[in-house]
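Just so you know, all these numbers are worked out from the coordinates, no wet-lab data involved. Since the structure is predicted, the reported quantities are computational estimates derived from the model, not experimental observations. All Cβ positions, glycine included, derive from the backbone under ideal geometry; neighbour counts span all protein chains shown.
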Amino acid sequence: MSSIKPPRILQARAINDTTLIVEFTNQEVKKYDIRHLLEIPMFSPLRQPAFFKNFKVEPGGYAIVWNEAIDISEYELWKNGIKLESGDLGDRIHQ
């Protein structure tokens, strides 16, 4: 088992009603689709686009947080996000 710590979250934004673009402290950018989480009751409020888009990056970059009950860890975003290559600049956080 690997004990490598994932990089922390530098910044993030929603690009539609179910997809996050997350930039990590190692300069990698990943796209993360939350649709697979919506079947879990805890995450069901994220079905509402206005709620989904209203998140914050936790201080220290350890998670994206919506409220006290709903968050996604940097590990989950890092491990299961799809890496964007430099050619995908249209999806990058910086506009």
- Task: Consider Tyr32 carefully, then state whether it is within 13 Å of Gly81 (Cβ to Cβ) and of a type outside the set (S, T, N, Q).
- Result: yes
- Query: In the stretch 34-75, which residue that is in contact (Cβ under 8 Å) with a residue 40 or more places away in the chain and out of contact with any Phe, Trp or Tyr (no Cβ under 7 Å at 6 or more places or on another chain) is surrounded by the most Cβ atoms within 10 Å (Cβ to Cβ)?
  - Reply: Ile72
- Filter result (touching a helix residue (DSSP H, G or I) at 6+ places or on another chain (Cβ under 7 Å) and crowded, with 16+ Cβ neighbours inside 10 Å) within the stretch 16-33: Thr18, Ile21, Val22, Phe24, Lys30, Lys31, Tyr32
- Note on the structure: If we keep only residues of the stretch 14-50 that are of a type in the set (D, E, K, R) and touching a Leu at 6+ places or on another chain (Cβ under 7 Å), then the residue farthest from Tyr75 (Cα to Cα) is Arg47
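Per-residue answers, yes or no, for (1) among the hydroxyl-bearing types (Ser, Thr, Tyr); (2) out of contact with any strand residue (DSSP E or B) (no Cβ under 6 Å at 6 or more places or on another chain):
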position	(1), (2)
Pro7	no, no
Leu10	no, no
Thr19	yes, no
Asp33	no, no
Phe43	no, yes
Arg47	no, yes
